[in-house]
């Protein structure tokens, strides 16, 4: 099978070829590896190979389809899960993560792990451990993060679909940067175990990035559901998620908001992405209203998100040090800065930030009393340049001195925190809402800039809204097709 033929199928299509014995799993794996050999040296999407026997008999809905998993929170037994950190590059996982086991049980042929920033803590993928992943649409730009390696691999045609997860936008941002579908399921719908009951108080969830809506839906059918060690038994819909694709969502009421408190004047291309989507929605018969203000306190939500993220970084650094005996020298500067700020945060402030999630959730719930969905850009700007968010040299030197003298708590009183907030959230101010409130959200590739770069749009739904999101996504996929778009790499 040559690349053009391989690339023309999504994961559901490849699985049917295998089931109909028109192609073997070995032939598909050869095609995936051949494509990887051509493009991975340029995009740095796959950072670890996994030995696999393609001739092994597999059952399941995706039997024989090549697949990649993210090198973060998707453990593969006996192999290290680096989490993008030099500290963990030699620490093997004891067992498969539940989500990985479900992918294996579905028959997927997992042959590699994908690039991610250290601890998944950024919306870009530029870890010192592996080097930056690059966007197949423009190699000077980021594929987003933290599932940037997976998104780059899918966009470049190595696999039609790949493992991802999302604690603040890490499925949707890469999907938006790379011209893909990225669904963040609602809290508790997909498993985090067996080692973790729920990650980041349930803000982080498992999923995929893909080229087609039906792949995203079918993959959600594979991984959705609770586990014995989990905190919840999620309610699943009566019908499969895959069956939602192609069914009528009805006439929807959609509220749209482009400005944000963090970025009051998003890039013109972000506005254009929403405008194009509104036209498509209107043509499909949906009712769309421009909102005069955000239906929640987005400035407060951003502060709460970052405060809890910094505290989580402090815990994660301490935990990795305990497990490995690593010192500060193996962690990245930005990670140490975040951890230092987290340690300087009082427990009362942390608990207050977690409790305020309910305030954000109630405001969003009030919005959903009048609307079915919230529409925003996925990003406020086109995909950023590689290295664009590096700290300026002066701040690098100043922070290194404070870290060395163990007075890094003083960073809270310098401009470095504002600089990190501005640079890390200014271009992606929309995605954290769905994580802190536990609501499902999806990014769809409905716009390309004048320079040929993808810039996705995001829909946020109320609880149990995954089926509605998939129905609308499939409707838009028919109205504004995107799967035939191929990056220039």
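In the condition set (1) in contact (Cβ under 8 Å) with a residue 40 or more places away in the chain; (2) part of a loop (DSSP other than H, G, I, E, B); (3) touching a strand residue (DSSP E or B) at 6+ places or on another chain (Cβ under 9 Å), residue 132 is compliant with all but (3). May I ask you to verify whether residue 110 is buried (at least 24 other Cβ atoms within 10 Å of the Cβ) and at pLDDT 95 or above? So residue 110 does not fit the description; no. All but one of (1) farther than 18 Å from residue 326 by Cα; (2) surrounded by fewer than 24 Cβ atoms within 10 Å (Cβ to Cβ) hold for residue 93; which doesn't? With respect to (1) farther than 18 Å from residue 326 by Cα; (2) surrounded by fewer than 24 Cβ atoms within 10 Å (Cβ to Cβ), residue 93 is out only on (1). Filtered by the rule that a residue be in a strand (DSSP E or B) and surrounded by 15 or more Cβ atoms within 10 Å (Cβ to Cβ), region 250-284 gives 254, 255, 256. Tallying residues that are over 21 Å from residue 449 (Cα atoms), out of contact with any helix residue (DSSP H, G or I) (no Cβ under 8 Å at 6 or more places or on another chain) and in a loop (DSSP other than H, G, I, E, B) within region 135-155 yields 0. Taking the stated definitions as given, is residue 228 over 16 Å from the mean Cα position of the chain (by Cα) and at pLDDT below 95? For residue 228, the condition - over 16 Å from the mean Cα position of the chain (by Cα) and at pLDDT below 95 - is met.
Scanning region 230-244 for residues that are under 30 Å from residue 13 (Cα atoms) and either part of a loop (DSSP other than H, G, I, E, B) or in contact with a strand residue (DSSP E or B) (Cβ under 9 Å, 6 or more places away or on another chain) (or both) gives 234, 235, 236, 237, 238, 239, 240, 241.
The set of residues in region 13-60 being at pLDDT below 95 and buried (at least 18 other Cβ atoms within 10 Å of the Cβ) consists of 54, 58. Just one of (1) surrounded by fewer than 24 Cβ atoms within 10 Å (Cβ to Cβ); (2) on the phi > 0 side of the Ramachandran plot; (3) part of a loop (DSSP other than H, G, I, E, B) fails for residue 247. It is (2).
Only one of the numbered conditions (1) within 30 Å of residue 463 (Cα to Cα); (2) part of a helix (DSSP H, G or I) is violated by residue 342, and that is (1). The set of residues in region 359-388 being farther than 24 Å from residue 274 by Cβ and buried (at least 18 other Cβ atoms within 10 Å of the Cβ) consists of 386 alone. Candidates are the residues of region 82-126 that are part of a strand (DSSP E or B) and within 16 Å of the chain's Cα centre (by Cα); the one that is farthest from residue 339 (Cα to Cα) is 113. Against the criterion of being more than 30 Å from residue 456 (Cα to Cα), surrounded by 22 or more Cβ atoms within 10 Å (Cβ to Cβ), in contact with a helix residue (DSSP H, G or I) (Cβ under 9 Å, 6 or more places away or on another chain) and modelled with pLDDT of 95 or more, residue 317 qualifies. For region 404-453, residues that are loosely packed, with under 15 Cβ neighbours inside 10 Å, under 22 Å from residue 259 (Cα atoms) and modelled with pLDDT of 95 or more total 1. Kindly indicate whether residue 158 is under 11 Å from the mean Cα position of the chain (by Cα), assigned to a loop (DSSP other than H, G, I, E, B) and at pLDDT 95 or above. Criteria not met by residue 158. Of the candidates 169, 197, 193, 186, the single residue that is free of Cβ contacts under 8 Å to residues at least 60 places away in the same chain and either closer than 23 Å to residue 142 by Cβ or in a loop (DSSP other than H, G, I, E, B) (or both) is 197.
The values are calculated or read from the model by the stated rules, or taken from the named source; none is laboratory data. What you see is a predicted model; the values in this text were computed from it and never measured. Using ideal geometry, Cβ is built from the backbone for each residue, glycine included, and neighbour counts are taken over all protein chains shown.
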